[in-house]
Every structure is written in C-alpha cells, then in structure tokens.
Amino acid sequence: MHDSLITMAQRILKKHFDASSVDVKWEYSKEEGHGDLSTSVALQCAKELKKNPKEIADILVEELKKEEGIENAEMAGAGYVNIWLSASVLLKQLNETRTACTAKVKRKGPPVIIDYSAPNIAKPLGIHHILSTVIGQSLKNLFVHTGIDAIGWNYLGDWGTQFGKLAVAYEKWGEGNPVSEMDIDELLALYVRFHAEVESDPSLEDDARATFKKLEGGDKELRAFWKNIVEVSKQDLDKLYERLHVTFDKEIGESFYEDKMEAIIKEGVEKKVFTEGEEGALIVEFPEESNLSPYMMRKSDGSTLYSTRDMAQVRYRIDEFKPESILYVVDVAQKLHFEQLFATCEQIEWKLPQLEHVIFGRMKFKDQQMSTRKGTALKLEEVLDEAVRRADKVIAEHGDSIQTDDSEELGQMMGVGSLVYGILSQNRKMDIVFDWDKYLSFDGNSAPYLQYTHARARSVLRKADREEVDVPEEVENLTDKERSLVNVLLQFEKVLLQARDTRMPHILTNYLFALCQEYNAFYNSEPILKAEEPARTLRLCLTSLTASVLKTGAEILTIRVPDRM
C-alpha cells in the first residue's frame, strides 16, 4: 500500500505543482487520532516549489480524499498530511503480517558471517560474555528469518600463552587428577593460582612461555593436555548455550589458524605492508591522517599474536565462504583493534567483503553487590540461576493468578528471558545497566510482560477453540482500539528489516513492548468472545496475529513464551 500511496502523492504534486521527482515517505502515525499514515512531503518540498507548505498540504488532502481506499485526509500542524485508510484496505494488509511471522526462503547469494560470543577456553563464561552472545544470536536470527543466509561463528580463544600457564599450574598443583575429569571451575582455580604465585615467583612466566612454545612445536603430551582442556571447556559452554537458545554454524577457534599465519606474514612482507620495527618485530604503519597507532603482526621473538590470527581468519573466511559481509559483535574496548585490522586488510589490497565492527557497551548492575563476588568476575551461570530464583519467587508471590502446567519451566522462561530481554531492550551502543526488579516486572518493558501478554492472547484463542484466524472480508468499520492494534501489527515486517539493517535488536524489543501495550488496551476495552459477528472473528484474528507476532519476535531474540501464565 505504501508504494501506491507514494505514487498517488507524486502524481498529485506533478499535476498541481509540476514537481517532477519528489521523494515521498509515508510513516505510521505515532499518536491516536492522527490517522493511519502521515507524510511531511509538503514541508520538505516547499522551498523547492516556492510555495507555502500548507498550500501544498491542502491540495494533497483534497486530492487524496478522492482516491479509492482512503477514508479521510487532513492537514495537521505546519503542513503534515494525515490519512485514514478504509477498513478493507487495512485488513487486507494484515496477511503480510501473517507472512512475516514465517521465515522467508533463503535467497541465493553470498552469506553474511556473524562472529559472536568468542570466549576464552579454560574459563567459565562471565556475565559480560552474554552481551556478545545474545546480541550476535539475535542478529543472526534476524538475518535468517528475513531470508538472508547467515553463518553464526564462535571464534573460540583456544590458543595462546594461557595454555602454557595452565600446563605449568597443572604440573605443580594439579595433584595428578586427570584433566579429562576436571571441571571448568577446577581449571579456573589453577589459572588463578598461577597468577597469585607469579607475584612471588616471576620465573613462572618464563616457564609458561617456554611451555607454550613446546606446545606450538607439537609436543605430544602437551597437545593431549591442550585437547582435554578444550573438550572440558566446550562441554561447559554447550550447557550454557543451550540454556540461552544460542547455536553456532561454525566453532573454529584461534588454533585452527596455526598453520595459516606464515603465508599471511610472507604476503605482508612481500607487499611491504609489514615492516620491521623495534628489535625485529613486524608492524603495520598507517597514514598519518588515519590517527591509527602501529599494529604489531609478529613479536621480536618470532611469535604470532591475536592480530596475526585475525588476519588469517579474514583470509580463510573470504576464500572458503566468499561472504557478502563479516560482522564482528565485540565490545567497544576492541574498537582500535578492528580499525587497525580492517585498515591492514585494505593496505594489503585484498578484495574484501564489508567488514563491520558491531560495537556494544559494557554491562553494569544497578545492585553493585551483584556485579562482583569476592573480587572475581561474576559467572554467567550464577546470574542465570539468580534470575530463575527471582522468577520463581515472583511466580510464588502471584499464587493462583499465574496459571501454569509447569512452574519450573515457567521460572526458566521468565528468569533467563528477563536477563536476555534486559540486555536487548537497551541501545547496544550504550553501557547497559541491569536492574533485576525492572526486568522481572510484569508491567514494564520486560520479558515477563511480553510472556504474560502472549499467554493472555493464547488463553482467548483456547476459549474460542481457535488457533489461527483468517482476516474477515465483511468488516466495514473499525473501532479506534481495533484500528490502533491493526496499525501496530502492520509494522512488524518493517521493524524486522530495520532492526536487521541497523544491527539494533532494541528496535524489535521496543516494537514488541508497544504491541503488548496496544493489545492489552484493546483487550480491556473491546469484548472479544462475546462480540457479535463479524466483530468477533475480527477480534479473534487480531488476537491470533498478536500471539504469532509476539512468539516470532521473542524467539528471534532467543526468548521463549509460554501458552499459559
């Protein structure tokens, strides 16, 4: 409908003002009583046409009123044009909303690679890891749902000096326990003890570097030790990923690029992009106007770095997958690293896909006591468990007002969902402040409110013994609440595309919150099951669509919604 309205407005402007090419945009009205759609085109082209905006708007209003499918039109403010569409035109468009709830067929063409989570092996996930993990997964889900092939990639930190440190710690304090039988907390304890002991015995650092060099050289015992650590770590990671509804298409860590870095070094040197710095280190220098500091590609002792592996990773991804773009969902602390990486890839003159750093801020807890524990990083598992405990308490406090067949499963949905929604509902570019009470509220912009609204809609449909309800054709008029709900439902596909293209999941959470508010206002003012036909079928249709949109949107955000609550 938007396309035909654009054409209508352009035709009117051409006829009355000889405006040859005007960019007309129609937006959904944000306030009740301001029509279904509005445009500011009269204000935008007034200067070019040398006319008063109100004069242009008046002509548009009068002409649009004559068009089929437009119920009414009016001028507002300094020259805005608001229109009301006929009930039949609005309702016909609802079929597009139903379609938007189903994932599109994957288009043909190059994929998008989305790099997210990327934890270090041998350490439990900290609360900060949830940011990259759920932002990245929700973006991947948005791409896939809208028909674009997306590869979710977990770039595990499974290589580096930390394994030398662990090997030394294990030899000294592991007490002969088989690594394969240790858990992630025991591995962390060894790592922490190593750093504590280094303070009184700095030679341990030299031992760790020498041990890692032996590992790089292929020492069989150390390789077996390293593989066991990776396996133990991945088992722990998989449990948490499953709990968060996070999946990956590729889990290829730093170690994979061990034999691929030398070719990168050779190419960089031959092209004179990598030059010798202090004590024989290889560095990349950038033009002065870039304001980028030198980027080290190889240490003076000949060992490689994270930057070397990242270069090899870009090369591998281009060669193997020929992606349209590579998105790195990594926090703001790595901003300089990615600027240097992308600039180096350009200087070495590779044919590149779009390289994009999807930046997010840091996480803080409103309750500072929850942000640290005895000076150590707060574990993600502990936060998830605490969220579920709080959700269980909320469920118990509401007593019989919450209807559920499985209170334990509902507690998981609410607890985990509240944490995830609390993150995704905030602009990712800002530091994220998490407030338990706010995100476990039934009333605010929270997962429980979304879950409750979905359950309410499903309850109505159960009582009507209906699932999906088709849009009725015989409806001639809409009440204000019906019209408002229809207009919010019609925005779903546009919101999905906007959230995907801007890499901003909070656009989707804001929309779902607005839909919950609109549906609850509709539910409280309009009889549904006791309404006369065709209003009853229409209202059941709007209820069915609301439930579908909420479920689809929530699952894109990795959140699950109950049918009863």
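Taken together, the values in this text are just the output of simple stated rules run on the coordinates, not laboratory data. Given the structure is predicted, the values throughout are model-derived calculations rather than measurements. Glycine gets a Cβ as well: all are built from the backbone with ideal geometry, and neighbour counts include every protein chain shown.
If you plug the beta carbon distance of residue 200 and residue 299 into 1/(1 + (r/R0)^6) with R0 = 25 Å, you get a FRET efficiency near 0.40. Rounded to whole numbers, the Karplus 3J(HN,Hα) couplings from phi for region 297-313 are 10, 7, 6, 5, 8, x, 7, 8, 10, 4, 4, 5, 5, 5, 5, 5, 5 Hz, using 6.51 cos²θ - 1.76 cosθ + 1.60 with θ = phi - 60°, and x at Gly and Pro.
Karplus-derived 3J(HN,Hα) values for region 131-143, using 6.51 cos²θ - 1.76 cosθ + 1.60 with θ = phi - 60°, are 4, 4, 5, 7, 5, x, 5, 5, 5, 4, 4, 4, 4 Hz; glycine and proline are entered as x. Across every direction, the projection of the convex hull enclosing the Cα atoms of region 2-85 has a mean area of 4.8 nm². When the chain is described by a simple charge dipole with +1 on each Lys and Arg Cβ and -1 on each Asp and Glu Cβ, the residue from 422, 280, 485 located farthest towards its positive end is 485.
Ordering 60, 305 by the number of other Cβ atoms within 10 Å of each residue's own Cβ, fewest first, gives 305, 60. Within the chain, antiparallel bridges make up roughly 50 percent of the DSSP beta bridges whose residues both belong there. Amide H contacts of residue 126 (H built 1.01 Å from N, in plane; Pro and chain starts excluded): 380 sit under 5 Å, all sequence-distant by 5 or more or on other chains. Taking only alpha carbon atoms, the chain gives an Rg to Rh ratio of 1.05, where Rh is the Kirkwood radius.
May I ask for the angle, rounded to the nearest 10°, between helix 380-398 and the longest principal axis of the chain, with both axes built from Cα atoms and the value confined to 0 to 90°? Result, in degrees: 40. Altogether, the Stokes-Einstein calculation at 37 °C and 0.692 mPa s, with the Kirkwood radius of region 368-556 over Cα pairs as Rh, returns a diffusion coefficient of 182 µm²/s. Shown here are the Rg and Dmax of the Cα trace of region 138-223, at 18.2, 57 Å. Remark on residue 433: its backbone amide H falls under 5 Å from those of 364, a criterion applied only to residues 5 or more positions apart or on other chains, H modelled at 1.01 Å from N. When both region 431-468 and region 495-565 are represented by their alpha-carbon centers, they are found 10 Å apart. The 3J(HN,Hα) values that the Karplus relation (6.51, -1.76, 1.60; θ = phi - 60°) gives for region 240-250 are, in residue order, 6, 4, 5, 5, 8, 6, 10, 9, 10, 8, 9 Hz. Gly and Pro appear as x. Annotation: the residues 247, 304, sorted from fewest to most other C-beta atoms within 10 Å of their own C-beta, follow the order 247, 304.
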